[in-house]
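**Q** Okay, handing you the structure first.
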Amino acid sequence: MNRFVTAERALRTAAPHELLDAVRRVLCQEYAADAVELFMADYGLTVLQPVSVLPHTLEPVSVHNSPAGRAFGAQRPHLEGRAEGRVRVHLPVTVRGDRLGVLSVTVPDEEHARGCLGELTEIADVLAHEVVVAERDTDLYLQARRKDRLTLAAEMQWQLLPGRSCTRPEYELGAQLEPAYAIFGDNFDWSATADRLTLYVSNGMGEGIEASLLTNLAVNALRNARRAGIALPDQAALADQAVYAHYRGRCYLSVLMFDFDLASGRAQVVDAGSPQLLRLRNGTVQRVDFEAQLPLGMFEETDYVAQDFQVEPGDRLVFVSDGVHEVASPGGETYGDAALARAILSTRLLPAAEVPRAVLRELTGHRGQATPNDDALVLCLDWRGRR
């Protein structure tokens, strides 16, 4: 039997918590591997955490300045020389653009590594799919992603998200929330069909569990309406009714909603609150303003109207919550559009999945403290268009 087929079958048939054991066993037997380790990107996208069972653990490695981090950032295999001529191959573990982590495989020498690099890359892709499926039945990989304990509110918010990045021929998406281990109100959601991309960027009022409960109610109301095939303005109206029925106007949620036609780049937009959009086109950053409408749940039976928007191939759209554009420096200066424009320009050569983390690092420098006082959300959409 072909050795790749053997590896694929081993992963497909392994118990959810035994994926690493299965891939380690088959790589050692079929590819002469000396060692095999799986690292998962942590929630803050700062380190790669080893998947292991206590008390035997490896040390986390940096996303920014390690061989495994280079493979994660570039999304390409990276070869690292080891003692006695051995080579450690670091392989991105990614599914449909969602960057999960890195599979590190030590083989006898460089010639051997290059001879089987294509197959090892495919095995890492199969592993990525299996990890996503396995997370329904085991906490092992979710536990490995955290270098610190999540607050309950943060746990609820991360479980609500579709992923942190996504790639299709027409577009590339990347998003990040901060503080990653204590987030409570900001959120994003997306869903795609063959012809459309629906995107929400939301900011719930309040703090802690209450903010997370509000966001969960609103996002699930939006999803329920979307999955019923309802148009964007009516999605907003039904979610508005759901939030108002529960909170009676005491709490509400701001949301910026987009429904893109993948073939033409035309979109319908509902702007119901504080999230903002900046567009990078032909080297120029411009804030895009829409007609402001009421946040979801502020008043009973609010009607929403969609506006038209056109995106062009090569456009980069950067969505931010108020925890980004309204954050103040120690001297009281608001971050604002000018600083955001500089951050977007300085990251223009990065892929969409890397942009949110880079912009949030710039924001930390402006804020002057590591821990923000409010949630911060950055989402980047690179539009390629359909040929």
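Quick grid of which residues meet (1) touching a strand residue (DSSP E or B) at 6+ places or on another chain (Cβ under 7 Å); (2) in contact (Cβ under 8 Å) with a residue 60 or more places away in the chain:
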| position | (1), (2) |
| --- | --- |
| 276 | yes, no |
| 281 | no, no |
| 288 | yes, no |
| 291 | yes, no |
| 299 | no, no |
| 306 | yes, yes |
| 309 | yes, no |
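**Q** Being in contact (Cβ under 8 Å) with a residue 40 or more places away in the chain, open to solvent by less than 10 Å² (accessible area, probe 1.4 Å) and not in a strand (DSSP E or B): is that true of residue 44 here?
**A** Spelling it out, residue 44 is indeed in contact (Cβ under 8 Å) with a residue 40 or more places away in the chain, open to solvent by less than 10 Å² (accessible area, probe 1.4 Å) and not in a strand (DSSP E or B).
**Q** Just to be sure before I move on: is residue 228 at pLDDT 95 or above and under 12 Å from residue 200 (Cα atoms) in the structure I sent? Steps first, please.
**A** On the way: at pLDDT 95 or above: yes; under 12 Å from residue 200 (Cα atoms): no.
So residue 228 fails the test.
**Q** Okay, next question. Looking at the structure I just gave you, is residue 98 crowded, with 18+ Cβ neighbours inside 10 Å, of a type in the set (Asp, Glu), closer than 26 Å to residue 387 by Cβ and within 19 Å of the chain's Cα centre (by Cα)?
**A** So residue 98 fits the description; yes.
**Q** Of all helices (runs of 4 or more DSSP H) completely enclosed by the range 117-160, which ones contain at least 2 residues that are under 28 Å from residue 107 (Cα atoms)?
**A** Correct list: 117-134, 140-144.
**Q** Yes or no: residue 134 touching a residue at least 40 places away in the same chain (Cβ under 8 Å), touching a Ser or Thr at 6+ places or on another chain (Cβ under 9 Å) and among the small types (Gly, Ala, Ser)?
**A** Numbers: touching a residue at least 40 places away in the same chain (Cβ under 8 Å): yes; touching a Ser or Thr at 6+ places or on another chain (Cβ under 9 Å): no; among the small types (Gly, Ala, Ser): yes.
Taking the combined requirement at face value, the residue does not satisfy it.
**Q** Can you tell me which residues in the range 190-216 are surrounded by fewer than 21 Cβ atoms within 10 Å (Cβ to Cβ), more than 13 Å from residue 154 (Cα to Cα) and not β-branched (Val, Ile, Thr)?
**A** Selection gives 190, 191, 192, 194, 195, 196, 205, 206.
**Q** Across the range 275-319, what is the number of residues that are within 30 Å of residue 169 (Cβ to Cβ), open to solvent by less than 60 Å² (accessible area, probe 1.4 Å) and not acidic (Asp, Glu)?
**A** 18
The values are calculated or read from the model by the stated rules, or taken from the named source; none is laboratory data. Here the structure is a predicted model, which means the values were calculated and not measured. FYI the Cβ positions are ideal-geometry reconstructions off the backbone, even for glycines, and counts take in every protein chain you see. The accessibility values were calculated without ligands, DNA or RNA, using every heavy atom of the protein model including side chains. Shrake-Rupley method; radii C 1.70, N 1.55, O 1.52, S 1.80 Å.
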